[in-house]
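A single structure is presented below for examination.
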Amino acid sequence: MNQRIQLYIENELVDVFQDGSVNIVSSIKDFREPDKIFTDYSRGFTLPATSRNNKVFKHYYNYDISGNVFDARSSKVARIEINDRPYKDGYITLDSVILKYNKPNTYKVTFYGNLKLLKELFDNLDLTALNYLDKFNIDDIYYHSTG
């Protein structure tokens, strides 16, 4: 059975190479480093530089265009569907544009799940900023565990 991949970037359907592949990796890094815990991500994959994709990426490759341009420094909301069924929600980052004869040929992108880094969930807060922790008395916990 052929599977048709659909990719939406900020709710805009983009063209994909149907004979290509998108490899999604589910990975949790070293749990002893919570700031390094990742969610699902893809290996970099390419999208064709069609007129639809050029509009989505706002002709990123063309430095003469100013104003409403695509900001590749930030990730964009995205979702992957397979045969019109939701598969993964997350974010897309634009890694590069491959030009041929000064025209875009392909866009290289990477897909990340909803939570790229655990620290994003906490918006880079320190533990001291979590008011809920004030309910606990560390001295009592230490005393009961050693006493």
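Out of all the residues in region 100-120, which are open to solvent by 40 Å² or more (accessible area, probe 1.4 Å), at pLDDT 85 or above and either assigned to a loop (DSSP other than H, G, I, E, B) or aromatic (Phe, Trp, Tyr) (or both)?
Once the filter is applied, which keeps residues that are open to solvent by 40 Å² or more (accessible area, probe 1.4 Å), at pLDDT 85 or above and either assigned to a loop (DSSP other than H, G, I, E, B) or aromatic (Phe, Trp, Tyr) (or both), region 100-120 yields TYR101, ASN102.
Return the total of residues in region 66-94 being open to solvent by 40 Å² or more (accessible area, probe 1.4 Å) and part of a strand (DSSP E or B).
Selection size over region 66-94: 9.
Would you confirm whether any residue within region 16-37 is within 22 Å of GLN6 (Cβ to Cβ), at pLDDT 75 or above and surrounded by 15 or more Cβ atoms within 10 Å (Cβ to Cβ)?
Scanning region 16-37, I find at least one residue that is within 22 Å of GLN6 (Cβ to Cβ), at pLDDT 75 or above and surrounded by 15 or more Cβ atoms within 10 Å (Cβ to Cβ), so the answer is yes.
Confirm whether VAL97 is part of a loop (DSSP other than H, G, I, E, B), modelled with pLDDT of 65 or more, in contact with a Lys or Arg (Cβ under 8 Å, 6 or more places away or on another chain) and surrounded by 10 or more Cβ atoms within 10 Å (Cβ to Cβ).
Judged against the criteria, VAL97 is not a match.
Could you check how many residues of region 38-58 are in contact with a helix residue (DSSP H, G or I) (Cβ under 9 Å, 6 or more places away or on another chain) and at pLDDT 60 or above?
2
The values are calculated or read from the model by the stated rules, or taken from the named source; none is laboratory data. Here the structure is a predicted model, which means the values were calculated and not measured. Positions of Cβ are generated from backbone atoms using ideal geometry, with glycine treated the same way; all protein chains shown enter the neighbour counts. All accessible areas refer to the heavy atoms of the entire protein, side chains included, with ligands and DNA or RNA removed. Shrake-Rupley method; radii C 1.70, N 1.55, O 1.52, S 1.80 Å.
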